[in-house]
1. Normalised by the residues of the stretch 1-57, what does the relative contact order come to in percent, with Cα pairs under 8 Å and at least six apart?
2. What ³J(HN,Hα) values, in whole Hz, does the Karplus curve 6.51 cos²θ - 1.76 cosθ + 1.60 give for the stretch 27-34 when θ = phi - 60°, with x put for Gly and Pro?
3. Can you tell me the length gained on complete extension of the stretch Trp10 to Gln75, counting 0.36 nm per residue apart and subtracting the Cα distance?
4. Could you pull out the trypsin sites (Lys or Arg not before Pro) across the stretch 17-94 that fall in loop regions by DSSP (anything but H, G, I, E, B) with no more than 16 other Cβ atoms inside 10 Å?
5. Taking 0.36 nm per residue of separation and subtracting the Cα-Cα distance, what length does fully extending Lys65 through Leu35 add?
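None of the figures in this text is laboratory data; all of them are computed from the coordinates on show. As the structure is a computational prediction, the values presented were derived from the model and not from experiment. Don't worry about glycine lacking a Cβ; one is built from the backbone with ideal geometry, like all the others, and counts go over all protein chains shown.
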Amino acid sequence: MNLSNPRFIWHYRYPYAYQIKNQLVYCNLIEHLILHALITYETKRQFGFPGFQILAQQVNDWYVKKHVPGKTNWQYQPYQAAYLPSELVEKLNPLLNEGPQFQLDFV
């Protein structure tokens, strides 16, 4: 839905009720990636795939390539909150590189 983007909100006329705190879901980067994978899978790539690609690249950059945001960068706190050892991220590499297929093994 992209509720953090004012242009999307205006363009699609999302109701304000969607942005009320009891309607929002907060998750870390890994949880967000899994959410996008599930949305992509359930909608047969109609929704969620662009976000999945962006998040997968971020996970790969942070946890495999070790491009850790600096401590003064706003992304450092999200990096710390979503920390995942590289060994576990490498197990996700087929998913990160190919995207969610319609036979998700991790679900």
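1. Across the stretch 1-57, relative contact order equals 21 percent.
2. Going residue by residue, I get 8, 8, 4, 5, 4, 5, 4, 5 Hz, with x marking Gly and Pro.
3. Difference between extended and current length: 20.7 nm.
4. Listed in order of number, the matching sites are Lys44, Arg45, Lys65, Lys66, Lys71.
5. Gain on stretching Lys65 to Leu35: 8.5 nm.
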